[in-house]
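Read the structure below first, then the notes.
FYI, it's all coordinate maths here, none of it is from the lab. Just so it is clear, the model here is predicted, and its values are computed rather than measured. Cβ placement follows ideal geometry from the backbone for every residue including glycine, while neighbour counts extend to all protein chains displayed.
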Amino acid sequence: MKTRILSAVIGVPLILLTLFFNRYFPLCVNILCAIASLACTVELLTAKALIKDVKITAPCMLFAALLPMLVPIGWWKMVAFLFVFYIFVLLIVKNQEYKFSDMSYILTAVCLTVFGLSCVAGACALDETHSVFYVTLCFVIAWVSDAGAYFVGSFLGKHKLCPNVSPKKTIEGAVGGVIIGVIGAVVDALVFQFIIFDGNVTINFIGVLAAAAIGTVTSIIGDLTFSLIKRSCKVKDYGNIIPGHGGILDRCDSIIMTAPMLFVFVQYFPLTAVA
């Protein structure tokens, strides 16, 4: 538990510094997302023992690095299509060399990961004025609910949530994670409303509650999704770069589902308005 807390103490300030400098250099968040996307893609390919195949690794890494950078200018759709097109052409031409299951893994796990992390950058492009609020809200919903589920499950967990996918997760932990995640989102909104925005912006707290309630559930689904992928690859963690957490993907799995949900949500239900 101490190593998890220490990792958070180091990681959270790094993200906050990135968000701060993003005001002066708008590509900071995109670069951070691209680095995380690239790291997660490498971990996914390593877990599936595909990392040494250059014909797969090179385009996957290029796709992972480019998509978050191209979201603001709208070219990500073309890059996504070309990547998927390449994978199918490779499968057709080299059908004796590659298994369809391996290519399906790439088209689901890798594409989902890269797209999900790109949506964090997409939130900045969607509303540059309030981008810091949207990005922090995304991280708070995913990580505070995850931390809440961990601590509540550790002390009160009795009933298994999905024992065949993630044996340690409990129903009590999931419920606690949702509640704590919603509280964390409201606290985040209050900080922005009364301290950071200083009365110049009005936050829709009902919208924040709705987004947090949905987001905490999607973060759990994201966590379980990548636990399922991990078990199918027969690995315990995607890596060991973050003490107490595992790999980058072990820390980003809940973000990957939460970010697209929030990205879509704020397009139809804006959470901020100029006072």
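Structure summary
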quantity: Within straight-line cross-link reach of Lys94, lysines at Cα separation under 25 Å, skipping those fewer than 8 residues along the same chain; calculated: Lys48, Lys52, Lys55
quantity: Neighbourhood net charge (14 Å Cβ-Cβ; Lys/Arg +1, Asp/Glu -1) for Thr218; calculated: -3
quantity: Packing-based ranking, highest mean first, of 198-204, 41-47 given that Cβ atoms within 10 Å are counted; calculated: 41-47, 198-204
quantity: Loop-located trypsin sites (Lys or Arg not before Pro) in the range 39-77, at most 14 other Cβ atoms within 10 Å (DSSP); calculated: Lys52
quantity: For the range 140-246, size of Cβ-based charge dipole, Lys and Arg +1, Asp and Glu -1, in debye; calculated: 680 debye
quantity: Under 17 Å from the Lys234 label point (7 Å along Cα→beta-carbon), backbone N, the range 25-45; calculated: 45
quantity: Peptide ranges 164-170, 207-213 listed from the most packed, as the mean C-beta count within 10 angstrom indicates; calculated: 207-213, 164-170
quantity: Computed label-point distance, nm, for sites Ala58 and Lys158 using a 7 Å Cα→Cβ extension; calculated: 5.8 nm
quantity: Neighbour-count order for Met257, Met61, Met78, fewest beta carbons within 10 angstrom listed first; calculated: Met78, Met61, Met257
quantity: Electrostatic dipole magnitude of the chain [Cβ: Lys, Arg +1; Asp, Glu -1; Cα centre; debye, to 20]; calculated: 860 debye
quantity: Positive-end extreme of charge dipole, the range 2-274 - chosen from His159, Ser145, Ile220 (charges on Cβ); calculated: His159
quantity: Peptide ranges 118-126, 145-153, 87-95 listed from the most packed, as the mean C-beta count within 10 angstrom indicates; calculated: 118-126, 145-153, 87-95
quantity: Full-extension gain in nm, Phe205 to Val186, via 0.36 nm per residue minus C-alpha separation; calculated: 6.1 nm
quantity: Relative contact order, percent, the chain [alpha-carbon distance under 8 Å, six or more residues apart]; calculated: 21 percent
quantity: Least to most buried among Ser219, Ser227, Ser154 (fewest other Cβ within 10 Å first); calculated: Ser154, Ser227, Ser219
quantity: Taking only Cα atoms of the chain, radius of gyration then Dmax in Å; calculated: 18.9, 63
quantity: Table column - 3J(HN,Hα) (Hz), the range 63-74, Karplus curve with 6.51, -1.76, 1.60, x for Gly and Pro; calculated: 4, 5, 7, 7, 4, x, 6, 9, 4, x, 9, x
quantity: Interchain or long-range residues, amide H under 5 Å from Thr272's placed H; calculated: Asn204
